[in-house]
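Chemist: Before we start, here is the structure in question, set down as structure tokens.
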Amino acid sequence: MRQRREKGWAAGLLAKDAPSDWLERLGALGQPVIVVIDSAEDRAGLREELLRALHASSSMRILLLARNAGDWWEGLQRSDAALGAWLDLTPPQELPPLAQGRTERESVFAAASEAFARVRARPWVKQLLSFPMDERFDRVLCLHLAALCGVEGVESKAVNLTYTLLDLEERFWAAEGVTLPGLRTFARQLIAAATLRGGLPDLTTATLVAERLQGRALAAEEQQVLLLLHRMYQMPGQRFSAFLPALEPEFLCEQLLARVAFPGPPEERSPEDWILRVFPPEEEESVVRHGLRFLIRASVAQPEVTRQWLSQLITRPLASRAVLALEAAAAVGPGTGLSVLAGVLTDRLEEAGDARVAIAMEPLGIPDSTPMLRRVALWMSHTLLQALPASEEGVAVQAKKARLFDTLGNLLSAEGITPKKARRKEAAIYRTLALHDPAAFLPALALSLDALVAALGDAEGTEEALAATREAVEVYRVLELKTPGSFLSQLATSLDNLSSQLSALEHHEAALEVKREAAEVYRALARRTPDALHRERASCLADLAARLAEAGRHPEALEVKREAAEVYGMLARSDATAFLLDFIQCADDLSARLREAGRVEEALEGAREAVEVSIPLARQTPGAIRQGFTSHLEQLGVRLCEGGKVEQGLAAMRETVEIRRARVQHNRGASLRELASSLELMEGQLRALGRHEDARDAKHEAKALREEFQQLHLKATRASRAQRLLSLGMKRNRQGKKQDALKATRKAVDLWRELSHEKPGVYRSAFTAALEVLATRLREVGKAEEALESAREAVECHRMFARADTFHDEPRFVASLRRLSEQSSESGRTVEALEAKRELVEIRLNRALWHLTPEGNHFTVGSTRESFAAKLENARKEALEARREAVDVYRALARSKPEAIHPVLAPHLCKLSFQVSEAGNREEAWELLREAVEIQRELARSNPDIRFPDLAASLHHLLILSSQLGRKQVALELAHEKVALLRGVTASNTDDVHYMLATSLNHLSGLLGAAGRIEEALTAAREAVALARELAQRDPNCYQPGLSENLITLGLVLKVMGKAEEALQVIEEAADTLWPSLDKHPRAFTRSVTNIARMLSRLHDILQRPPSDNQQRYSSAYLSLGGE
């Protein structure tokens, strides 16, 4: 789009909420226009928009972006003839990844890391991208997200990227105050519900959904979380932005769904009917349709997360929800085949479905686009057949029954079931209908007979199949007589089938005559319709030639074979990829048969023509060169040379050499011998012509190729010898001959090292294994230093595997690291031993975190919700123990090199603190977090501008924990420290830091007031109000509610100090500030309304004044919200 704009185009994405006249407005711009419609498969009203564009007078280009070109695309094409013709002009194209190669992906990752570091005010250190060729990194978005993880100091592997990102997201919530497990669970469920529903459009809808999720009215803190999520996820700049939009990207929400479905502690678990609270039975169809599409796509990666939800969502109510599910499956397209929808829908239909449901689904068509949906289609077909009246003899009913039997037969065939019974019934019905109305039903009878023949194609049904084929031939003859030329192709095909049936029953003479008739029909069809069925005609002629030759009718067989070669030649010229091999094979066979018949000149002429046709086609269409082509081409060349047409024969041989040379360049070991043989064959012909120089060149090249083949064979032999030496070493070791074992192992390692240098991709794995064995042998004979060096080399090989993104055997890597750690420790190299152990615990930790994701191996098909919860709990325990071990190792390393290790140790301590807190041990969590804060304080002293966000977040968490543990004084000191920290960076930072400072001052004021330090509380509250007032002036919609909260706190402090008059003025300002937001979203501010109403009432009583307007308004609002 950027390139188009630079060339003067109007180019951009069409918003979902685009005005109805967008087409006319863009057409009136007077410049070229390109419109991009994203997520086209999910867009409501797409057909109508495209029809308007088709018939519009203005000219513009429209680009549809979608996940696939599945049923939704085919539905668009079928919905309108003109629209279908227009769409056919530009077939769908699959877009390749924007960053395909390793270098390109690493460059994108590095650029994104640098940009994120700049935005986050962090030092940028170039990092390596782990496993860059992982298929998840086909999406540039994943590269960007991995870069963000790296900047935030967390592992950025593709395998656990979504899990890590969601952790970061929840850390962001916690930094904004969502720290209690219950509130975090509420936030998870609310964001997941918003995403499933396609966003929550306004506060009223968001509140209703949230109350259904909780099963009660929202508490004050839950209302604050709702508003906080709105502030964090709102999309400014969009005209109709949702109050709470869907979480993006989509795969991140899939991970969130897994946490909602299978959390750890019991208090975080979602109710059994959670999905029905998101989508109650009376929910609008458009909202349910969006949720179904999302769950279908999500179930590909998260089958067990979505299975129960899809089952509940489809069941209530089944009739309408089954239709919506089928529509959603059509929109999702091929991905439906990988989802659990079809199984769930089929189970529900078989349990509770009836004819009424099947009839409701029938207008959508019986689905057969994926193997899984065929189960649904089979149920629909059976149910609709059973619903038809058994005694009804009307033509319409019988025709519908026959069509359903046809559909049933097709579905059973696709499932690998021979549908004999269905095909027999279908043919019998059409046979009866054709007697009453031949013109209407004879074509359908013929097709049903063809289908019956296909179903009876096994040995047991041959006689019945023969009868059905004869009947089909007769029907097609009748149809051809009535409308000449209309059924020639079907007649020819049926005759071909009849010939095969007769031949199978050993009626060879009859089969030959029928085949001859089939060939005549194909010829007649070619005369009438030159482009029709050439492939079938050529195949029929080749088969007829073979049958004639078997019957001893060689002259006729040769003529038919010549005709087949001509047809194949015509096909090869039009589609060399499909038919060049068939043509040259047929031409080679014809040349050989003509030569056997003594017609040498005709044989040579045919060979010459075949070579002249084949060589240019092969050069123009490399894909046409298939297995066997070069052998036939070379044989034709040999015959031409033997017949005296040397130049033409040499041309064929040269072409064979060039094709085989190209194959050798692509894969050296593939065709070396064949190329050498072709060169030697060509050398003989060149020498016979007296062209000794060319013959010598061919001979030398053939010799070099033979020698290269020998070298390759020798290399393979060296690998076998190395493996035998390694096995010999193991055998000698078992016999107790340690020195002999060591000697054999050294030789094996030397051989593997040579081979690994020559071909690392092939032999490095074997070399690594040999090094590990050598390290063990050296250690057994007391050569500790050499053993340590071999262990180091083996570990480095494993690291190279990981960096190269090739086959990486993690258990072997872990074993090598463990040996290196043990041997380093025994040799007194403590730091090296700890570094190896650090790698070990990182691998253990990553594996444990992987098992916390739905992609991990512990999510197995068929498990129950309870077993999932138990496995997830075990995975959490393993992750906790792995994190503890990692912290212990980093602590030990920090003693020797604190500058390098402290920046890594602090995040591990914070994460361990969160894990320990979730496990219920807040005291230990407090100690761990305190240790992390001490380290972060030290880091912030040397680089405050970069380190302050981490320190501020840790101080906040430690403050909350201190308050929960009753350590009020500690909490107060931490609040002071956080305020001082934020005040130090405010001058050079954004509104977010100002907002954090205002909130922290407000919190500090509350803590000071609780401690009896009223004057200090007043100072903090006044400063918080001043900051909040500045923010509200810049962005009222976002910051006015926060200003009202700070004003309420200031009013409370003033009231405690006895300054009732000033307190009343402050609370009146708070009431005026909050009212515009309250008028729009009353339930979101229940706590603020309560505080204002009570404060106004008490202050007016103290000052003995009549109620003000604000007091009356807020008292009414308080009562309407359920206050007493």
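Chemist: Could you grab me the full set of residues in the range 898-949 that are under 25 Å from Gln964 (Cβ atoms) and outside any helix (DSSP H, G or I)?
Modeler: Of everything in the range 898-949, those that are under 25 Å from Gln964 (Cβ atoms) and outside any helix (DSSP H, G or I) turn out to be Ala919, Gly920, Asn921.
Chemist: Select from the range 455-503 the residues that are surrounded by fewer than 15 Cβ atoms within 10 Å (Cβ to Cβ), closer than 19 Å to Arg537 by Cβ and hydroxyl-bearing (Ser, Thr, Tyr) and list them in ascending order.
Modeler: Across the range 455-503, the qualifying residue is only Ser486.
The rows are residues; the columns are (1) assigned to a loop (DSSP other than H, G, I, E, B); (2) under 23 Å from Glu513 (Cα atoms); (3) under 56 Å from the mean Cα position of the chain (by Cα); (4) touching a residue at least 60 places away in the same chain (Cβ under 8 Å).
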residue	(1), (2), (3), (4)
Gly552	yes, yes, no, no
Glu563	no, yes, yes, no
Leu571	no, no, yes, no
Phe579	no, no, yes, no
Asp588	no, no, yes, no
Glu601	no, no, no, no
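Chemist: So Ala651 clears everything in (1) in the same structural domain as Ala545 (by TED's automatic domain parsing); (2) out of contact with any Gly (no Cβ under 8 Å at 6 or more places or on another chain); (3) within 27 Å of Ala698 (Cα to Cα); (4) surrounded by fewer than 22 Cβ atoms within 10 Å (Cβ to Cβ) except one condition, right? Which one?
Modeler: All conditions are met except number (2).
Chemist: So which of Leu310, Leu341 is among the aliphatic types (A, V, I, L, M) and either modelled with pLDDT under 80 or on the phi > 0 side of the Ramachandran plot (or both)?
Modeler: On inspection, the qualifying residue turns out to be Leu341.
Chemist: Here is a follow-up. Does any residue of the range 575-592 turn out to be more than 19 Å from Gln648 (Cβ to Cβ), surrounded by fewer than 18 Cβ atoms within 10 Å (Cβ to Cβ), modelled with pLDDT under 85 and among the small types (Gly, Ala, Ser)?
Modeler: yes
Chemist: Quick test for you: out of Ala210, Ala187, pick the one residue that is among the hydrophobic types (A, V, I, L, M, F, W, C), more than 19 Å from Val288 (Cα to Cα) and either modelled with pLDDT of 90 or more or touching a Phe, Trp or Tyr at 6+ places or on another chain (Cβ under 7 Å) (or both).
Modeler: Step by step, each of Ala210, Ala187 is checked, and only Ala187 is among the hydrophobic types (A, V, I, L, M, F, W, C), more than 19 Å from Val288 (Cα to Cα) and either modelled with pLDDT of 90 or more or touching a Phe, Trp or Tyr at 6+ places or on another chain (Cβ under 7 Å) (or both).
Chemist: Keeping to the range 58-94, report how many residues are in contact with an Asp or Glu (Cβ under 8 Å, 6 or more places away or on another chain), modelled with pLDDT under 75 and of a type outside the set (S, T, N, Q).
Modeler: Going through the range 58-94 one residue at a time, the tally reaches 3.
Chemist: Considering only residues of the range 60-118 that are within 21 Å of Val33 (Cα to Cα) and surrounded by 15 or more Cβ atoms within 10 Å (Cβ to Cβ), which is nearest to the chain's Cα centre (by Cα)?
Modeler: Selected residue: Ala66.
Chemist: On to the next question. Could you check the range 186-261 for helices (runs of 4 or more DSSP H) lying wholly inside it with 2 or more residues that are under 22 Å from the mean Cα position of the chain (by Cα) and buried (at least 21 other Cβ atoms within 10 Å of the Cβ)?
Modeler: Ranges flagged: 250-261.
Chemist: For residues that are hydroxyl-bearing (Ser, Thr, Tyr) and crowded, with 20+ Cβ neighbours inside 10 Å, tally how many sit in the range 931-979.
Modeler: Matching residues across the range 931-979 total 2.
Chemist: Checking Trp22 against (1) surrounded by 14 or more Cβ atoms within 10 Å (Cβ to Cβ); (2) in contact with a Gly (Cβ under 7 Å, 6 or more places away or on another chain); (3) more than 28 Å from Ala298 (Cβ to Cβ), only one condition comes out false. Which one?
Modeler: Going through the list (1) surrounded by 14 or more Cβ atoms within 10 Å (Cβ to Cβ); (2) in contact with a Gly (Cβ under 7 Å, 6 or more places away or on another chain); (3) more than 28 Å from Ala298 (Cβ to Cβ), Trp22 breaks only (2).
Chemist: While we're here: Among the listed residues Thr776, Thr745, Thr717, Thr768, which satisfies the condition of being of a type in the set (Val, Ile, Thr) and exposed (fewer than 14 other Cβ atoms within 10 Å of the Cβ)?
Modeler: Result of the check over Thr776, Thr745, Thr717, Thr768: Thr717.
Chemist: So, one more: Does the range 283-296 contain any residue that is surrounded by 18 or more Cβ atoms within 10 Å (Cβ to Cβ) and of a type in the set (S, T, N, Q)?
Modeler: Checked against the condition, which is being surrounded by 18 or more Cβ atoms within 10 Å (Cβ to Cβ) and of a type in the set (S, T, N, Q), the range 283-296 yields no hits at all.
Chemist: Just to be sure I understand the filter: pairs with C-beta atoms under 9 Å, separated by 6 or more residues or on different chains, first member in the range 1-20 and β-branched (Val, Ile, Thr), second member surrounded by 12 or more Cβ atoms within 10 Å (Cβ to Cβ). Which pairs pass?
Modeler: That search, which allows pairs on different chains as well, returns nothing.
Chemist: Just wondering, is there one or more residues in the range 500-513 that are closer than 16 Å to Leu449 by Cβ and either assigned to a helix (DSSP H, G or I) or aromatic (Phe, Trp, Tyr) (or both)?
Modeler: Yes, the conditions are met somewhere in the range 500-513.
Chemist: Among (1) without any contact (Cβ under 8 Å) to a residue 40 or more places away in the chain; (2) in a helix (DSSP H, G or I); (3) not hydrophobic (A, V, I, L, M, F, W, C), there is one condition Gly416 misses while meeting the rest; what is its number?
Modeler: (2)
Chemist: Right, another one. I'm checking my understanding of the structure. Among residues of the range 1051-1062 that are touching a residue at least 40 places away in the same chain (Cβ under 8 Å) and either touching a Cys at 6+ places or on another chain (Cβ under 8 Å) or assigned to a helix (DSSP H, G or I) (or both), which one is surrounded by the most Cβ atoms within 10 Å (Cβ to Cβ)?
Modeler: The selected residue is Gly1051.
Chemist: For the range 819-851, give me the residue count where each residue is part of a loop (DSSP other than H, G, I, E, B), small (Gly, Ala, Ser) and without any contact (Cβ under 8 Å) to a residue 40 or more places away in the chain.
Modeler: Going through the range 819-851 one residue at a time, the tally reaches 1.
Chemist: Sticking with this one: Working carefully through the options Ala111, Ala15, Ala66, Ala11, find the one that is touching a strand residue (DSSP E or B) at 6+ places or on another chain (Cβ under 7 Å), of a type in the set (Gly, Ala, Ser), closer than 30 Å to Leu148 by Cβ and not assigned by TED's automatic domain parsing to the domain that holds Glu327.
Modeler: When all the criteria are applied, what remains is Ala11.
Chemist: Scanning the range 358-390 for residues that are touching a Gly at 6+ places or on another chain (Cβ under 8 Å) and among the polar types (S, T, N, Q), which turns out modelled with the highest pLDDT?
Modeler: Thr383
Chemist: Looking for something among the aliphatic types (A, V, I, L, M), at pLDDT 80 or above and either over 18 Å from Ala572 (Cβ atoms) or out of contact with any strand residue (DSSP E or B) (no Cβ under 8 Å at 6 or more places or on another chain) (or both) - is there at least one such residue anywhere in the range 622-635?
Modeler: no
Chemist: Go over the candidates Glu272, Glu282, Glu350, Glu267 one by one and state the one that is in a helix (DSSP H, G or I), at pLDDT 80 or above and of a type in the set (D, E, K, R).
Modeler: Every option except Glu350 fails the conditions.
The values are calculated or read from the model by the stated rules, or taken from the named source; none is laboratory data. Because the structure is predicted, anything quoted here is derived from the model rather than measured. Because the Cβ atoms are built from the backbone with ideal geometry, glycine has one as well, and the counts that use them run over all protein chains shown.
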